[in-house]
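Engineer: First the structure, then my questions, so here it is.
The values are calculated or read from the model by the stated rules, or taken from the named source; none is laboratory data. No experiment lies behind these values; they were computed from the predicted model shown. All Cβ positions, even for glycine, are placed from backbone atoms using ideal geometry, and neighbour counts span all protein chains on display. These area figures cover heavy atoms from the full protein model, side chains too; ligands, DNA and RNA do not enter into them. Shrake-Rupley method; radii C 1.70, N 1.55, O 1.52, S 1.80 Å.
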Amino acid sequence: MTTQDLYAKFEALEEEVAHCYFVFHEQFLFNSPLAKFWLDAALDEMQHASILRFCREHELFGQVDDAAAVIRKIDELLDVLRNTACKSKISVDAAFAAALIVESSELDEAYQKLTRPLAQTHLMLHEAIQSNLRLHHYNFAEAAEQFCRDKTYADAFTSLARTDRQLFTERTIQ
């Protein structure tokens, strides 16, 4: 797999997540704040795909160890999200459960590694990406707290967000 192909595949994965979140947005239009959350989450994922495309087009390439295996694993986990999005009726908890599987996968970590070269040439963009990533799981945690019946989803997303913050702090110190 060429580096161009690698970036294109991760772009496609991000776009698929966005598509599923857009489906959730449509499913929950009866609840405007919940629908808006899913819309914002979908737009975050579309932004990830666009940033990866930007990196690919400008040949700003990062590395993901054992990328083919990571892609396969994420794609398998994404099946849960795809299957949930295909259902005619989706519960709020089911949507958050499916999202949790993908959000806790290696997709965000791969995205960080693939966008790392932006720090050298487009520092402001790289810093904005990092800020957005730190907020991403907190937004999920807040929404899960507000909308889910099962509060363990909020706890799980809060845990992800704390891990994100800890990893970011460790990378900044290094």
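Engineer: Could you work out how far helix 32-57 tilts from the main Cα principal axis of the chain, as a 0 to 90 degree angle to the nearest 10?
Structural biologist: With both axes taken from Cα atoms, the answer is about 20 degrees.
Engineer: At a probe size of 1.4 Å, how large is the accessible area of Ser91, to the nearest 10 Å²?
Structural biologist: Per-residue accessible area (Ser91): approximately 60 Å².
Engineer: Just to verify a number: FRET efficiency for Cys86 and Glu127, C-beta to C-beta distance, R0 = 30 Å, to 0.05?
Structural biologist: 0.20
Engineer: If you roll a 1.4 Å probe over the heavy atoms of the protein chains, what accessible area per residue do you get for the chain, in Å²? Spell out each step's value before the answer.
Structural biologist: Numbers: 9140 Å² over 174 residues.
Heavy-atom SASA per residue in the chain reads 53 Å².
Engineer: Taking just the alpha carbons, could you work out the radius of gyration and Dmax for segment 82-138, both in angstroms?
Structural biologist: Over segment 82-138's Cα set, Rg and Dmax evaluate to 15.1, 46 Å.
Engineer: Now for a different question. Cα centroids of segment 36-70 and segment 132-159: how far apart, whole angstrom?
Structural biologist: Using only Cα atoms to place each centre, the spacing works out to 21 Å.
Engineer: Solvent-accessible area of Val23, probe 1.4 Å, all protein chains present, reported in Å² to the nearest ten, please.
Structural biologist: Rounded to the nearest 10, that gives 30 Å².
Engineer: Here is a follow-up. How large is ³J(HN,Hα), in whole Hz, for each residue of segment 80-86 in order, when computed from phi with the Karplus curve 6.51 cos²θ - 1.76 cosθ + 1.60 and θ = phi - 60°, using x for Gly and Pro?
Structural biologist: After applying 6.51 cos²θ - 1.76 cosθ + 1.60, I find 4, 5, 4, 5, 5, 5, 7 Hz.
Engineer: Residue by residue, what Karplus-based ³J(HN,Hα) values in Hz, rounded to whole numbers, does segment 97-109 have, using 6.51, -1.76 and 1.60 with θ = phi - 60° and x for Gly and Pro?
Structural biologist: In residue order, the calculated couplings are 4, 5, 5, 4, 4, 6, 5, 8, 6, 7, 4, 5, 5 Hz.
Engineer: Taking 7 Å along the Cα-to-C-beta vector as the label spot, tell me the Asn139-Asp93 distance in nanometres, rounded to one decimal.
Structural biologist: Simple spin-label model gives 2.6 nm for this pair.
Engineer: Please report the carbon-and-sulfur percent of the accessible area for the chain; probe 1.4 Å, protein heavy atoms only, DNA, RNA and ligands left out.
Structural biologist: 53
Engineer: From the phi of every residue in segment 132-140, what ³J(HN,Hα) in whole Hz does the Karplus formula 6.51 cos²θ - 1.76 cosθ + 1.60 yield, where θ is phi - 60° and glycine or proline is x?
Structural biologist: 5, 5, 5, 7, 3, 6, 5, 4, 5
Engineer: Counting pairs of alpha carbon atoms under 8 Å apart in space and at least six apart in sequence, what relative contact order in percent does segment 1-113 give?
Structural biologist: Across segment 1-113, relative contact order equals 30 percent.
Engineer: On alpha carbon coordinates alone, what is the Rg over Rh value for segment 41-174, Rh being the Kirkwood radius?
Structural biologist: Dividing the radius of gyration by the Kirkwood radius yields 0.98.
Engineer: Within the chain, what's the longest stretch lacking trypsin sites (Lys or Arg not before Pro) that sit in DSSP loops with no more than 11 other Cβ atoms inside 10 Å? Mind showing how you got there, number by number?
Structural biologist: Details: sites that count: Lys89, Arg149, Lys151.
Longest site-free region, per DSSP loop and neighbour criteria: 1-88.
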